[in-house]
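Asker: Following this message is one structure expressed as structure tokens.
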Amino acid sequence: MPNEPSGEPDGRSLPPPPTTSPPPTTSPPPTTPPPYTHSPFNAPEQQHTYHHTVPAAAPYAGSSPAPGAANLLGAIVGLAGTVLGLALLANGAERIAEEQVWSGAADGVGLILALLGVVVVVAVAVAAHWAPATPLVPGLLLMVIALAGMLSRDMLEEIYEMLADGPISDFFAAWIMLGAALGVGALLTAAGLLGWLGQRRRLGAP
């Protein structure tokens, strides 16, 4: 019978199993941070948004007079300017009409007077930018007179008698009956109201 192997070692040693060492680990090279810069072009990620609240500007007072004093002075100037402008316009229109009736030619002096009257009335309306009462007061007064003369013949006769006897009173009475005086008064009143709203906006009023 063949000899069975015994559990005893026969004196010969087996070679040790091969050992595998783990591969060497290499650490990444140290990285240096980029140099810090304040330039917004080189480092856009470092930009910061600053919110700066600009305070509301206070209304400019300057050296202009108080609105109350300016409006009081403007009302006086507006009344005088409106009366002067309408008188020049009526006088110029009367001269033009008279020249047309008698000779059929245009009257240069009457045309100049009429244009001056228009300029004065327009100046009163434009003055609403500085003092709204300048066109507002004469405009309201002219509207009241015109409405009273249109609604009552007795009132129209009283207005006619209050004016000086002459061509101005005749033309002004005709303007009242035709509604022209009411239209001029409405335009002046509208200019005064627009000037008042603009003044409140400039002064910062709610």
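The numbers here are math on the coordinates, done by the rules we state, and not lab data. This structure is a prediction, so every number in the text was calculated from the model and none was measured. Note that each Cβ is placed from the backbone with ideal geometry, even for glycine, and that neighbours are counted across all protein chains shown.
Asker: Using the charge dipole of region 70-202 (Lys, Arg: +1 at Cβ; Asp, Glu: -1 at Cβ; taken about the Cα centre), state which of 78, 96, 195 has its Cα farthest towards the positive end.
Answerer: 195
Asker: While we're on this one: In terms of the Cα gyration tensor, with a ≥ b ≥ c the square roots of its eigenvalues, is region 70-202 rounded because a/c is under 1.5, prolate because a/b exceeds b/c, or oblate?
Answerer: oblate
Asker: Output ³J(HN,Hα) for region 187-196: one whole-Hz value per residue in order, computed from phi by the Karplus curve 6.51 cos²θ - 1.76 cosθ + 1.60 with θ = phi - 60°, and x for Gly and Pro.
Answerer: Coupling constants for region 187-196: 5, 5, 5, 5, 4, x, 5, 5, x, 5 Hz.
Asker: Another question, then. Any chance you could run the full-extension gain for residue 72 through residue 111? It's 0.36 nm times the residue separation minus the Cα-Cα distance, nm to one decimal.
Answerer: Here the answer is 10.7 nm.
Asker: Excluding residue 195 itself, calculate the net charge of residues whose Cβ lies under 12 Å from the Cβ of residue 195, where each Lys or Arg counts +1 and each Asp or Glu counts -1.
Answerer: It works out to a net charge of +3.
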